[in-house]
Amino acid sequence: MSVQPLIRLCAAAFAAILLVAAPARDAHAQPKPTPSQIALANQILDAKQSMTIFEAIVPGVIEKSKNTLLQMNPNLFKDLNEVANEMRKDYSPRLAALRSEIAALYASRFTEQELKDTLAFYKSPLGKKLLTEEPNFVENSMTAAQDWAIKLNDEVLARFRTELRKKGHPF
C-alpha cells in the first residue's frame, strides 16, 4: 500500500474514532475545554504521534497547486519549483493551528478524567504495544479487505452471469 492512501486512511480513521468515541452532542451545548484538557489532549496527540499523518497536507496542497499551474504553462517549471520551496517553509508552521484545532476537538469530547485515563493507557505497556502494532494491523486489515472484496466481486459477477443466462442472455 502506498503512503498517500495510508495517510488518507489514517486521517479518516482518526476522525471516525473522534466522532464515535464520545456520544453525539449539540455543538452549541459543548462546554469550552479547559486549558488542562487541552494540555492533556496535546499529550495524547504526542503519545499517539497523531500529527504525523497530517504532515503531508501542506506539501501536498502546494504540490497539487504547482502541478495545476504547471499544466497551464510548462515553461514555469523552474519558477514554480522555487516558489513551492518557499511556500513549504512559509506554510509549514500552520500545522500548529491544525494541531490546536484537533486538540480542542479531542478535549471537547472527553472529560478531564477520561483524557487522563487515555493518556495513562497510551503510556502503559499495552498502550505502547497498541501504538506500535496498530499501523501493521491497519495495513494488514486493508490488504485482507481488498482480497475479500476481489473474491466477492468474482462471486457477484458469476452470480450475475448465472442469473442473466436464466433470463436468456448469453454470457
Members of region 88-110 found to be exposed (fewer than 12 other Cβ atoms within 10 Å of the Cβ) and touching a residue at least 12 places away in the same chain (Cβ under 8 Å), listed by number: 94
Pairs with Cβ under 6 Å, 6+ apart, first in region 139-159 and of a type in the set (S, T, N, Q), second modelled with pLDDT of 95 or more: none
Residue within region 112-130 that is under 19 Å from the mean Cα position of the chain (by Cα), in a helix (DSSP H, G or I) and either surrounded by fewer than 15 Cβ atoms within 10 Å (Cβ to Cβ) or modelled with pLDDT under 95 (or both) present: yes
Residues that are closer than 28 Å to residue 50 by Cβ and of a type in the set (Asp, Glu), drawn from region 61-85: 63
Residue in region 21-37 that is of a type in the set (Ser, Thr, Tyr), out of contact with any helix residue (DSSP H, G or I) (no Cβ under 9 Å at 6 or more places or on another chain) and at pLDDT 95 or above present: no
Where residue 136 falls short, out of the listed (1) in the same structural domain as residue 32 (by TED's automatic domain parsing); (2) surrounded by fewer than 10 Cβ atoms within 10 Å (Cβ to Cβ): (1)
Count of residues meeting criterion [under 30 Å from residue 132 (Cα atoms) and loosely packed, with under 14 Cβ neighbours inside 10 Å] in region 47-87: 5
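Residues checked against (1) over 30 Å from residue 61 (Cα atoms); (2) touching a helix residue (DSSP H, G or I) at 6+ places or on another chain (Cβ under 8 Å):
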residue	(1), (2)
81	no, yes
101	no, no
128	yes, yes
139	no, yes
152	yes, no
168	yes, no
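The values are calculated or read from the model by the stated rules, or taken from the named source; none is laboratory data. Predicted, not measured: the structure shown is a model, and the values here were computed from it. When we count neighbours, we look across all protein chains shown, and the Cβ atoms used for this are built from the backbone with ideal geometry, even at glycine.
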